[in-house]
Each structure stands twice: as structure tokens, then as C-alpha cells.
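Notes to accompany the following structure.
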Amino acid sequence: MIGVFDSGLGGLSVLDALVAALPNADFIYFADSANSPYGNKSEAFIQSRVLAIGDYLADSGCTMIVVACNTATVAAIQALRSRHTSIAIVGVEPGIKPAALSSVSRKIAVLATEATAKSDRLAHLITAHAQAVSVDIVACPGWATLVEQCDLNDSSLTKDAAARLLPLLESGVDRIVLGCTHYSFLTHILQPIIDTSDNNATLVDVSEAIARQAVRLHQDNGRGGGSIRLLTTDQPKRLIDALPLLGLDLLATRVHSVERVAV
Ligand code: DGL
């Protein structure tokens, strides 16, 4: 059993890639929607949620936990790993390394929540992998909440995205890292803004790289029934109704239950 969790719906973008890569595995997806967004919360709060959810997933029999949330990963992956030494733990970190390696203009940007944007771990990633390029860190408050509401065509979001992206594109940035799993559901807004500029910038999304890492670490590949159990700390109906709104119709056909849990 593989446990996947996020503050809410964003990690479904990672779950989608995981299910494609491990079609026979059984998954639990845990959405902490009652506490979403994490991006404007303190590190101590995020850590306490990650540890509580990690304990719940471990007690539910998960042999692997995927922290499908950059904000939770930067705040608490070390603590989670120290607590569950016999479980494979995969985190999601902004794709600074692939962006820096592939950038031709030597200018990259990362879009992230406020908590990730100001984290030591992001600063460390940049020091470790992006010394030779310039990196713009752009916090995007409110974006994850709009995804939570499945408000994917909100006009203020389109305006806000253009205001953040156009100056980057004009300055020659050619790799824009999606440093929050919720933002994978906003590419239909971000890509057209990029297409209006002439520097051929690319969005960098690490979901498929995370799925490859999970395949490498997964011990019982081939076993299981390929089922998905959805858990949420908020309304189950909100979670199941979100799947088609986020374009995850295929994933929805694999879901065999959805429940509210108090964790
Ligand atoms: N999806 C999350 C991330 O990757 C967190 C968004 C939020 O809850 O603020 O950072």
C-alpha cells in the first residue's frame, strides 16, 4: 500500500503520475483539506500535521509514503524520515536541479507557496544545484486556495499569473519551476502567458520524476488490486467531485471509497 498526501487536492497531480507508473499498486490518498492551505502556516504547524498524517498512513499499513506537497516536504520530511525508519518516504521538492541543468539563458524561476519560498530547504536546493544560474523565487499566495475551490478559470488568477510571469519572461527566464503540486492544475493558465513571449520558456513539473523514484523504491510492484482509497479531513463529496473538475476522470474510475477521517 502506498500512502500519498497533500494539504488538499494538489497532490492528486502526483497521484495521477504514480498510478500510471504503478498500475497494480494500491493507494491511499490523504487530503488534509480542513487545514488547507499549508503555504501560509507556520513550520511548526505543518510539521505537526505531517507527523500525524504519517502516523495514520503507517498504521494503515503503508509501506511507502509520498509527501505530494512541496510545502510539507521542505518543512517536515526529515522529521518524518526519522520517525518512520522502516517506511520508504518520497518527498516532492521544486525541480531546481533539472531547471538549472537545462536552462539555456541561465535564468530560472520557481513559483511556490509563501512557506516554501522562504524556506531554508529551498535556499539549500538553490545553493546545491543552481549556483551557476540566477534564480527568481516567486511566492504565489492564493493560488493553491483557488485550486482547492476548483476555481480554475478565475479571472483575477489569470491577471495575477500574468503580472508574475511576464516580468520573468521579459528578463529572459527560460525555465519556470512549478514549486507547488497545486500549480500543475494551472498549466492551462500559465502556458498561454508563456506562449505570448518569444523566449520559449518551459514549465518544469516533477510529478513524473517522483513517480519514477517511487517505482525504484517500491518493493511489492505487481501485487495489489490497483485500487485507490480517498481520505479527507473535510467533506468527502468535495474531494470526489473535484476529480472531474481537475481533469482526472480516469483516476476517478479507480477510486473504490472516499471517507472523512479525524486525524
Ligand atoms: N500542494 C502544496 C505544495 O506543493 C501546498 C499548497 C498549500 O497548501 O499551500 O506546496
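Residues of the stretch 52-78 that are within 25 Å of Tyr183 (Cβ to Cβ), of a type in the set (A, V, I, L, M) and away from the ligand (no atom under 16 Å from the Cβ): Leu57, Met64. Residue count for the stretch 1-50 satisfying the condition of being within 16 Å of Arg229 (Cα to Cα), assigned to a helix (DSSP H, G or I) and charged (D, E, K, R): 1. Is it the case, given these coordinates, that Tyr29 is among the hydroxyl-bearing types (Ser, Thr, Tyr), more than 8 Å from the ligand (Cβ to nearest atom) and either touching a Ser or Thr at 6+ places or on another chain (Cβ under 7 Å) or open to solvent by less than 10 Å² (accessible area, probe 1.4 Å) (or both)? Yes; evaluated as a whole, the condition is true for this residue.
The values are calculated or read from the model by the stated rules, or taken from the named source; none is laboratory data. On a predicted model such as this, the values are computed, not experimentally measured, just so you know. Neighbour counts are summed over all protein chains in view; Cβ atoms, including those assigned to glycine, are modelled from backbone coordinates with ideal geometry. Keep in mind that these areas ignore ligands, DNA and RNA; they rest on the heavy atoms of the full protein, side chains included. Shrake-Rupley method; radii C 1.70, N 1.55, O 1.52, S 1.80 Å.
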